[in-house]
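The values are calculated or read from the model by the stated rules, or taken from the named source; none is laboratory data. Here the structure is a predicted model, which means the values were calculated and not measured. Every residue, glycine among them, receives a Cβ derived from its backbone with ideal geometry; neighbour counts consider all protein chains shown.
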Amino acid sequence: MYFNKIRHPSNFTFASAHANNTLSVGAKTVQTKLRELGEDVFHLELNDAKRWPLDARVLPLHDDAFKAHKSQYQLALDATGHLALTAPDGTELLSGVAQASVGVCGSAWLVQFARNDNMRFFGQGEKTTGLEKTGKRTKFWNADVWADHAMHTIENGQADPQYAAVPYLLVRHGARWVGILVDHPGAVFMDTGSNWFFSGKDDQNAPPAFWFGADEGVPAFYVIAGDSAASVTQRLQRLVGTTPLPPLWSLGHHQCRWGYAGTKDLNALDAGFTEHEFPADGLWLDIDYMDRYKVFTTSPEHFGDLGAELKKLQANGRRIVPILDPGVKVEEGYEVAESGTVAGIFCHNPEGQPYVGFVWPGRTWFPDYSLPEGRDWWATYSKAFRESGFDGAWLDMNDPGTGAAEVDDMLFNRGTWPHWTYHNQYAVGMAQATRDGFLAAKPDERPFLLARSAYTGSSRFTALWTGDNHSNWHHLRTSIHCSMNLALSGIPFNGPDVPGFGSHADKELAIAWYKAGCLFPFMRNHANAGTARQEPWVFGPEALQTIRHHVRLRYKLLPYMYQLWNDQEQHGTAVMRPLFHDYANTDAMELDRIDDQFLIGPAILQAPIVQQGQQQRTVALPGTGRWMDVNTGEFLAGGRNIHVTSNAESTPIYLKEGSLIPMQVGVRTTAANDLADHPAWTQLTEANAHRLDPDDDHRFDRRELERHRHDRRLVVLPHPSSVPQSDTVGPRSPRRRVVAGCGARRARIAPCRPWTSSTRPSS
């Protein structure tokens, strides 16, 4: 497949008439199905069974989530085949190109809209090409990036597509926003006005336009309209499925390296984090822990009594997460391979035989997750794996990565579905099956899964790490874009490898990456085999102090972050997001052009240093209220740009005045010890929130957590004209609330929604 070429409208035949739910395209007719779902969410599907074969969606979206409220916007196909989205005041936010709205080219389809200067484009999921996507073209196809792209394009960030395909486009039209989600499992393409030609010259005769489509399949897409990016993003998340409240420990700091293999490495890590008083919840195992890379096995060389060894580590507050690859080694006597053969759940090739790929174990077969019985088979092994003592699962190579074998030869549904019908969904099927197995093993506990690849709906089952990046400054900068792009596209639980997977991270880069990544939704240190060691203490005592401080900051804010994930599950609220998500552009600041700052929820803003040798930067403080600089305690007026200096020990972080920010007292570094607050946070943490207990806060049962509500102490930042100080409200008891910075008059205490788990979600 060409990744750097996409379909062009010049080769398409476009619809000329529309009547009685039938669209005339040249000599062909196509049935149309346009539905208004409610809350300004629409679904359009075009179906010609002869030209576009089956629609292989196996994870239905939540079309009924919006039926309680009628739409104010209107999406319509007129008699000429012209497609348009109209706002309540009559403004056309999307207008099909005249006589060229909906087109076909062989088995491919395309939808084209006019583009104007009031439009800017965002979203597109896991993309590293900046926050704004105006004037870009791309494909959405889950890729094994290091296998599919030249290494130099990966190192400099040119590789596209990435591991996860989320075919979603967020369009800003003036003050209004439109989300377009392409509901298609194959290779989707988009062009937001690149007008790219081999000569490098624009096509002067073509009207300004943007378009999207696919090489095969049923044309189907959703349109979401709204007055803010936040409202559109929230409804997108409800449509594709919110992220279930994760276990608390998954929000902590994690350590991994390709080469950690078993008991010896895990015990050394446990001792290292204890010695250096460094918090770490997750210790991760790459492929070397397996017996000759065979999935659902452990190496007898690296493990003795697996259950006893894991329990010892868990007693010290560590959670052990191993990697799982879908490839099953072709080997006589290997029980997993033999049972899969008997069950008939492996993917076929065009000759009707099990498809063979070449990955870590050598010759491999691949489970067919398009089959319910294939997912059930995988869930059974996942259940046993969870029962053996592991705490989570890391799903790798689920793009699917097939090594040197051509992926198009992998067929689904017992060989009756061509590869494109399920390619991007493969990661979803694996995640769904693994989660089902983990729930079956521990039905009262919330599972944690991490995956490399994803697709629309993956947020229901797994978090995402953004693949095998490099230890360089470019990847540090683009990791911010990538995570915000994913959050806008319905994959909120994500994060990069810190301080980069490939190459060698030096001290300056490691510090910068830890400072930038300390507030990402997911935070894991991960390194490639053969690279320099990058455990936090290898960079020297000064670097260790700085890195440790910022990781402790993450732990201090876990109650706040935990509340954000509760809001995500309940309402689809984004966690990490760009400034324009919460604030509109002003004459002073074009917030949708700022891609090196981000918000964590509504109350925390970070503007990390992401350039080598940089000590100064400009920070945009949005809104009309004030922000507190956590490094100085100074309150700064919003609605303007400021210039800041950041030394080696600090990173620019600001807290929104008037916000309710629950924090924990102290920081747990092992199961038995809590460290005192860092001096820089003394003022804010004199009387902080209750420390959440990881032994309780991974469970579904709300009752396990309700008892914590009576031991809740909160921090409220001051209102204007107040002077930071401490003032106790109510009786001096575990039930007291503390208001920081009341000054001459007391600050209002906003009602606190509990950061408890919800009832058990559907599995």
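At-a-glance table
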{"read-out": "Residue within region 299-310 that is crowded, with 19+ Cβ neighbours inside 10 Å, closer than 24 Å to T462 by Cα and within 28 Å of the chain's Cα centre (by Cα) present", "value": "no"}
{"read-out": "Residue within region 383-403 that is closer than 18 Å to F296 by Cβ, among the small types (G, A, S), part of a loop (DSSP other than H, G, I, E, B) and in contact with a Pro (Cβ under 8 Å, 6 or more places away or on another chain) present", "value": "yes"}
{"read-out": "Residue list for region 185-229, restricted to those being modelled with pLDDT of 95 or more and surrounded by fewer than 18 Cβ atoms within 10 Å (Cβ to Cβ)", "value": "D227, S228"}
{"read-out": "Residue in region 402-413 that is out of contact with any Gly (no Cβ under 8 Å at 6 or more places or on another chain), of a type in the set (S, T, Y) and either under 21 Å from W378 (Cα atoms) or modelled with pLDDT of 95 or more (or both) present", "value": "no"}
{"read-out": "Single residue of region 150-174 satisfying the filter (free of Cβ contacts under 8 Å to residues at least 12 places away in the same chain and part of a loop (DSSP other than H, G, I, E, B)) that is nearest to S459 (Cα to Cα)", "value": "Q158"}
{"read-out": "Single match in V25, V41, V58 (criterion: modelled with pLDDT of 95 or more and of a type in the set (V, I, T))", "value": "V41"}
{"read-out": "Test result for I287, touching a residue at least 60 places away in the same chain (Cβ under 8 Å), surrounded by 19 or more Cβ atoms within 10 Å (Cβ to Cβ) and touching a helix residue (DSSP H, G or I) at 6+ places or on another chain (Cβ under 9 Å)", "value": "no"}
{"read-out": "Members of region 116-127 found to be buried (at least 22 other Cβ atoms within 10 Å of the Cβ) and assigned to a loop (DSSP other than H, G, I, E, B), listed by number", "value": "Q124, G125, E126, K127"}
{"read-out": "Options A505, A516: the member that is crowded, with 23+ Cβ neighbours inside 10 Å, closer than 14 Å to H475 by Cα and in contact (Cβ under 8 Å) with a residue 40 or more places away in the chain", "value": "A516"}
{"read-out": "Subset of region 559-604 [in a loop (DSSP other than H, G, I, E, B), under 14 Å from L251 (Cβ atoms) and aliphatic (A, V, I, L, M)]", "value": "V575"}
{"read-out": "Qualifying position, being more than 20 Å from D595 (Cβ to Cβ) and in the same structural domain as L449 (by TED's automatic domain parsing), among S479, S503, S483, S489", "value": "S503"}
{"read-out": "Residue within region 225-232 that is in contact (Cβ under 8 Å) with a residue 24 or more places away in the chain and assigned to a strand (DSSP E or B) present", "value": "yes"}
{"read-out": "Cβ-Cβ under 8 Å pairs, at least 6 apart or on other chains, region 92-114 side outside the structural domain of P219 (by TED's automatic domain parsing), far side surrounded by 22 or more Cβ atoms within 10 Å (Cβ to Cβ) and among the small types (G, A, S)", "value": "none"}
{"read-out": "Filter result for G495 (closer than 30 Å to E542 by Cα and surrounded by fewer than 24 Cβ atoms within 10 Å (Cβ to Cβ))", "value": "yes"}
{"read-out": "Pairs, first in contact (Cβ under 8 Å) with a residue 60 or more places away in the chain in region 525-540, second basic (K, R) and surrounded by fewer than 18 Cβ atoms within 10 Å (Cβ to Cβ), C-beta under 6 Å, six or more apart", "value": "none"}
{"read-out": "Residues located in region 323-336, provided they are crowded, with 21+ Cβ neighbours inside 10 Å and either aliphatic (A, V, I, L, M) or under 20 Å from A427 (Cβ atoms) (or both)", "value": "I323, L324, D325, P326, G327, V328"}
{"read-out": "Number of the condition not met by W417 [criteria: (1) in the same structural domain as P499 (by TED's automatic domain parsing); (2) surrounded by fewer than 24 Cβ atoms within 10 Å (Cβ to Cβ); (3) of a type in the set (A, V, I, L, M, F, W, C)]", "value": "(1)"}
{"read-out": "Scan of region 625-641 for residues that are crowded, with 16+ Cβ neighbours inside 10 Å and of a type in the set (A, V, I, L, M), ordered by number", "value": "M628, V630, L636"}
{"read-out": "Complete set of residues in region 8-22 that are surrounded by fewer than 17 Cβ atoms within 10 Å (Cβ to Cβ) and farther than 16 Å from R137 by Cβ", "value": "T13, S16, A17, A19, N20, N21, T22"}
{"read-out": "Meets criteria (in the same structural domain as R257 (by TED's automatic domain parsing), surrounded by fewer than 24 Cβ atoms within 10 Å (Cβ to Cβ), in contact (Cβ under 8 Å) with a residue 24 or more places away in the chain and part of a helix (DSSP H, G or I)) for D376", "value": "yes"}
{"read-out": "Which numbered condition Q112 misses (of (1) part of a loop (DSSP other than H, G, I, E, B); (2) among the polar types (S, T, N, Q); (3) closer than 18 Å to H173 by Cα)", "value": "(1)"}
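Table: residues versus (1) among the aromatic types (F, W, Y); (2) within 30 Å of L248 (Cα to Cα); (3) not in a loop (DSSP other than H, G, I, E, B).
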site: Q611; (1), (2), (3): no, no, no
site: A620; (1), (2), (3): no, no, yes
site: N647; (1), (2), (3): no, no, no
site: T651; (1), (2), (3): no, yes, no
site: G658; (1), (2), (3): no, yes, no
site: R668; (1), (2), (3): no, yes, yes
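Each row is one residue, and each column tells you yes or no for (1) closer than 15 Å to Q255 by Cβ; (2) assigned to a helix (DSSP H, G or I); (3) modelled with pLDDT of 95 or more.
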residue: G437; (1), (2), (3): no, yes, yes
residue: M484; (1), (2), (3): no, yes, yes
residue: L519; (1), (2), (3): no, no, yes
residue: G530; (1), (2), (3): no, no, no
residue: R533; (1), (2), (3): yes, no, yes
residue: W537; (1), (2), (3): yes, yes, yes
